[in-house]
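Notes to accompany the following structure.
The values are calculated or read from the model by the stated rules, or taken from the named source; none is laboratory data. Keep in mind it's a predicted model, so treat the numbers as computed, not measured. Virtual Cβ from ideal backbone geometry, glycine too; neighbours counted across all protein chains shown.
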Amino acid sequence: MGSQKYGRRSSNQPMIFDAWNYKVLALGLFLVIVGFSAMYLENEVEGFISLYISPIVIMSGYATVILSILKHDRNSSKTS
């Protein structure tokens with residue numbers, strides 16, 4: 001108890017996600033931010049971008065985030 005500080009992890013614990021997961025997660029978050037920004041910048045309720053383009057971009061961003069969280073590479077996990 002006295003030898004380890006609180007909040008420090010041991011170096012032998014694996015990462016939760018792979019690099020691919022983090023890249024796809026960042027892409028999904030970027031798509032969500034771009035979709036909401038485009039909706040805000042048009043500033044019209046009945047506009048073409050607000051009604052058709054932005055919801056598609058936002059939903060694809062959410063789908064990408066969900067994919068990046070749920071996708072797990074079975075070959076990279078080590079069972080010891």
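Scan the range 38-75 for residues that are over 26 Å from TRP20 (Cβ atoms) and surrounded by fewer than 13 Cβ atoms within 10 Å (Cβ to Cβ) and jot them down.
TYR40, LEU41, ASN43, GLU44, VAL45, GLU46, PHE48, TYR52 - these are the residues of the range 38-75 that are over 26 Å from TRP20 (Cβ atoms) and surrounded by fewer than 13 Cβ atoms within 10 Å (Cβ to Cβ).
Would you be able to say whether some residue in the range 48-62 is modelled with pLDDT of 85 or more and under 11 Å from the mean Cα position of the chain (by Cα)?
Yes, the conditions are met somewhere in the range 48-62.
Among the residues of the range 15-37 satisfying the criterion of being surrounded by 10 or more Cβ atoms within 10 Å (Cβ to Cβ) and part of a loop (DSSP other than H, G, I, E, B), which is modelled with the lowest pLDDT?
Result: PHE17.
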